[in-house]
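Here is the structure we will look at, set down as C-alpha cells.
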Amino acid sequence: MVAEQDVAAFEVDPVVPLDPTRVGTPVDGVEVLGALSPSRAMDFTRCALHYRFRSVDRLPEPYSPDAVRGTLVHKVLEDLYDVPAADRTPETARSLLPTAWDAVVAEEPSMEEMFGPDLDREEWWASCHEVVAAYFDLEDPRRLEPAEREVYVEALLGSRLLLRGIVDRLDVAPDGSVRVVDYKTGRAPGEGFEAGALFQMRFYALVLWRTRGVVPRVLQLVYLGSGEVLRYEPDEDDLRATERKVEAIWAAIREAHDSGEWLPNRGPACRFCPHQAICPAWGGTPPPLPSRDAVAEGGAVVGSEATPPA
C-alpha cells in the first residue's frame, strides 16, 4: 500500500511529461507471434471457452448497460481534464454527460438499442449521474493535471508477444514518479478477490517499464461504484513475475488453439456470460471452430489480437 503523503505528491501543477522519445515499441519488421491485452488475458484465465467465443469465433454480444455506463463515465472523466482546473466541478462533469453520450453513440450507434422494456432510459441516466458525482468524493480534479489520458500503450517482449492496452490516466510527479490510474464504475472486489484487478494494473506497469524505462510508483484503482480507492506500489520483481504470467497465459492460449480444446469453466461469472445457451457446461453446443484459413484471413490465429504464427 502507499502512504497518503506519497499519494499527495502527484497533486501537482505543472506536471512533468514522460520522455516523449520512449512512447511505444515499434513492431515494423518484427514478426509478432501474437498480441494480448489484460482483458483478453483475464478472459482466458477465467474461462478458455469464453475467450474462444469472444476472440476466435468473435460472436456478437449484446450491450451491457453496466459496460455502456462505464464507457460513458470514462469519456466524461477524460473530457473533464480539458476544462480549466478551477471549473472541474461536479456541475461541470454532469454537463459533459450529453456531449459524451453523443460521442459514444457516434462510434457505436447500435448502443441505443439497449433501451427498451427491460431498461428505462431515465433510470439509467440517473445512475450515470450518480457515478459521475461519486468521483468527486474520491479525488479533487482541480488539483490534478494528468500527463496523459486514454493513452494506448504497447510493448514487444523478447518472445515476440505484443502486449497492449489503453490506460485511463497517467500522472507524473515533479520527481518523475509515475502513477497509473484506472477508473472502475463498479464496486471494489471483496477482500481476497483483488488479484484480477491488480493483474490488469501490473500488466500496464510492465508495458510502461519495458517501453519507457520507468517502474510506476503507484497503481491506483478508483472504484466509483463503492467509493473506494485501491493503491498498490509495484517493484521490478512484481513486473518480472507479471511478464512470466503473461507468457504462461499466452502459451496456454496457443496450446488450446493447437488442440482445439477450449474448455469451459463453470462458476459464478457464468451469470454474466451472454453465451450460456451454446456452452456445454450449461447443456449447449458450441458452433464449429473456424478453420485455420478462415481465422488467418481475419488477421488472427487464436483471437482478434493475434497474427498468424510463423
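Values in this text are rule-based calculations from the coordinates and carry no lab data. Everything quoted here is computed from the prediction, not taken from an experiment. Don't worry about glycine lacking a Cβ; one is built from the backbone with ideal geometry, like all the others, and counts go over all protein chains shown.
Full extension of the chain segment joining Asn265 with Glu194 gains 23.6 nm, where the gain is 0.36 nm per residue of separation less the Cα-Cα distance. By other beta-carbon atoms within 10 Å, ranking Leu224, Leu97, Leu170 with the fewest at the front produces Leu97, Leu170, Leu224. Note on the stretch 65-142: with charges restricted to the Cβ of Lys and Arg (+1) and Asp and Glu (-1), its dipole about the Cα centre is near 220 debye.
The simple Förster model, with R0 at 51 Å and r as the Cβ-Cβ distance, assigns Asp82 and Ser159 a FRET efficiency of 0.85.
Length gained on full extension, Val214 to Ser127, computed as 0.36 nm times the residue gap minus the Cα-Cα distance: 27.6 nm.
Note on Ala103 and Asp140: the model spin-label points, each 7 Å out from Cα along the C-beta direction, lie 2.6 nm apart. Simple spin-label estimate for Arg94 and Ala67 gives 3.0 nm between the two label positions (7 Å along the Cα-to-Cβ direction from each Cα). Note on Asp66, Asp235, Asp118, Asp57: ascending count of other Cβ atoms within 10 Å places them as Asp118, Asp235, Asp66, Asp57, the fewest first. Around Pro287, with a cut-off of 14 angstrom between Cβ atoms, what is the net charge of the other residues, counting Lys and Arg +1 and Asp and Glu -1? Cβ neighbours under 14 Å give a net charge of +2. Grab the other residues whose beta carbon is less than 11 angstrom from that of Cys47, score K and R as +1, D and E as -1, and report the net. In short, +3. A crude spin-label estimate for the pair Arg46 and Thr285, with each label 7 Å from Cα along the Cβ direction, gives 2.8 nm. For Glu236 and Met114, a Förster radius of 35 Å and the Cβ-Cβ distance give a FRET efficiency of 0.20, rounded to the nearest 0.05.
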